[in-house]
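Visitor: I have a structure here, written as structure tokens, and I will follow up with some questions on it.
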Amino acid sequence: MNSSSNQLVITCALVGAELTREIAPHLPLTPKEIAESGIQAVHAGASILHLHVRDSEGKPTLDEQIIREVIQKIRKEVDPILQVSTGGAIGDTEADRHRPLQCGAEMASLTTGSINFGNEVFLNPIPLVEGLAKEMLQKGIKPEIEVFDVSMLEQGIRLIEKGLIQPPAHFQFVLGVPGALAATERNLRFLVEGLPANSTWTIAAIGRHQFPIAELAMKMGGHVRVGMEDNIYLEKGTLAKSNAELVQKIVCMASEVGRPIATSKEAREILKCQASELS
Ligand code: KMH
Ligand code: ZN
């Protein structure tokens with residue numbers, strides 16, 4: 001590996017759509033809190049921020065006004081890759097799931113299949129997925145292909161073959177969601193073996209799996225996502241007080257396994273991601 005390919009891109013998923021303050025007392029909820037949490041995470045070493053937002057009652061929303069407000073606040077201070085979620089929350093309509101693509105972000109998540117998601121179902125029928133991919137392609141937004149289960153990797157590859165995603169593609173393996181693929185070494189190795197040549201990949205393991213699987217991914221040459229969307233504990237029984245604390249822990253682990261941290265500029269080069277102006 002040359003030094004740039006050895007660099008570690010850290011994504012921080014700040015809030016997600018599922019958690020509440022009752023479960024996660026330090027969860028950022030308002031645009032100001034989400035932006036501040038993101039800025040701290042970038043100062044701690046994150047080069048990508050995965051963005052969901054909440055409304056005035058703290059409920060998940062895909063309202064582009066709120067997304068833009070968060071993006072503007074973050075961009076006043078730091079310059080990470082901003083990755084909006086098109087996954088949203090369970091039950092969001094197809095029309096709503098296109099709304100985050102109107103906010104000037106340079107990257108967006110793209111889940112390529114449907115899964116059980118706890119007791120619910122996260123629906124991603126092919127026409128919805130292809131519609132999102134087409135709009136990302138037209139707008140020059142880099143998709144992060146979210147792989148919660150094996151068929152989603154295959155569907156991501158089909159989108160590349162159909163010309164709806166431009167290679168080199170970037171994949172996120174989301175392992176450990178109840179109802180989807182478990183966060184195990186065997187599953188991760190199987191997925192990585194199936195990647196198209198020249199792809200980049202990152203891991204988001206859920207709950208107690210976050211740090212052990214992240215360490216494995218770092219050793220395998222992958223990149224890492226942390227953040228309260230996926231896990232709120234620094235270690236068993238110790239809540240993270242901020243997203244930055246979770247990023248700091250990964251930075252320490254990366255140093256131990258010999259992975260220097262990529263800046264946002266370096267992350268853009270590694271992922272072949274263009275910076276875009278806020279539209
Ligand atoms: N909230 C989940 C139903 C994404 O951001 O693209 C979907 C999700 C994936 O979080
Ligand atoms: Zn998300």
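The values are calculated or read from the model by the stated rules, or taken from the named source; none is laboratory data. The shown structure was predicted, so the numbers you read here are calculated from the model rather than taken from an experiment. Please note: Cβ atoms are built from the backbone with ideal geometry, for glycine as well, and neighbour counts cover all protein chains shown. These accessible areas exclude ligands, DNA and RNA; they are computed on the full protein's heavy atoms, side chains included. Shrake-Rupley method; radii C 1.70, N 1.55, O 1.52, S 1.80 Å.
Visitor: Please report the spacing between the Cα centers of segment 53-119 and segment 143-204 in Å, no decimals.
Guide: Comparing the Cα centres of segment 53-119 and segment 143-204, I get a distance of 20 Å.
Visitor: Let me ask something else about it. Using a 10 Å cut-off on Cβ atoms, rank the peptides 63-71, 242-250 from the highest mean neighbour count down.
Guide: Listed from highest to lowest mean packing, they are 242-250, 63-71.
Visitor: Given Cα positions, please report Rg to Rh for segment 110-268, the hydrodynamic radius being the Kirkwood one.
Guide: So for segment 110-268, dividing Rg by the Kirkwood Rh gives 0.97.
Visitor: Heavy atoms only, probe 1.4 Å: what % of the accessible area of the chain goes to carbon and sulfur, would you let me know?
Guide: Values: 6150 of 12090 Å².
Ligands and nucleic acids excluded, carbon and sulfur reach 51 percent.
Visitor: Regarding the chain, what whole-number volume in Å³ per residue does the convex hull of its Cα atoms give?
Guide: Convex hull of Cα atoms, per residue: 113 Å³.
Visitor: Next up: Probe of 1.4 angstrom, ligands and nucleic acids ignored: what's the accessible area per residue over the chain, in square angstrom?
Guide: Numbers: 12090 Å² over 279 residues.
Heavy-atom SASA per residue in the chain reads 43 Å².
Visitor: Output the antiparallel fraction of DSSP beta bridges having both residues in the chain, as a percent to the nearest 5.
Guide: 20 percent
Visitor: Would you mind putting 212-221, 232-241, 192-201, 137-146 in packing order, based on average other-beta-carbon counts within 10 Å, highest first?
Guide: 137-146, 212-221, 192-201, 232-241
Visitor: Quick one: work out the % antiparallel among DSSP beta bridges in segment 10-121, nearest 5.
Guide: Close to 30 percent.
Visitor: Give me the compactness ratio for segment 103-147, meaning the Cα radius of gyration over 2.2 N^0.38 Å. Don't skip to the end; give the middle numbers.
Guide: Details: Rg = 11.5 Å, N = 45, 2.2 N^0.38 = 9.3 Å.
Expressed relative to 2.2 N^0.38 Å, the Cα Rg reads 1.24.
Visitor: Let me ask you something else. Hey, which of these cross-link pairs are over 29 Å Cα-Cα: LYS162/LYS219; LYS236/LYS265; LYS32/LYS249?
Guide: Table pairs above 29 Å Cα-Cα are LYS162/LYS219; LYS236/LYS265.
Visitor: State the Kirkwood hydrodynamic radius of segment 85-127 in Å, one decimal place, computed from all pairs of distinct Cα atoms. Walk me through the numbers before you get to the answer.
Guide: On the way: mean 1/r = 0.0897 Å⁻¹.
Evaluated over segment 85-127, this radius sits at 11.1 Å.
Visitor: Let me ask something else about it. In the neighborhood of ARG208, defined by Cβ-to-Cβ distances under 10 Å, what is the net charge if each Lys or Arg adds +1 and each Asp or Glu adds -1?
Guide: Taking every Cβ under 10 Å from that of ARG208, the sum is 0.
Visitor: Could you give log10 I(q)/I(0) at q = 0.11, 0.14 Å⁻¹ for segment 47-141, computed by the Debye formula over C-alpha point scatterers of equal weight, without solvent?
Guide: Rounded to two decimals, the profile gives -0.31, -0.51.
Visitor: With both partners inside segment 97-175, how many of the DSSP beta bridges are antiparallel, as a percent to the nearest 5?
Guide: Percentage antiparallel, nearest 5: 25.
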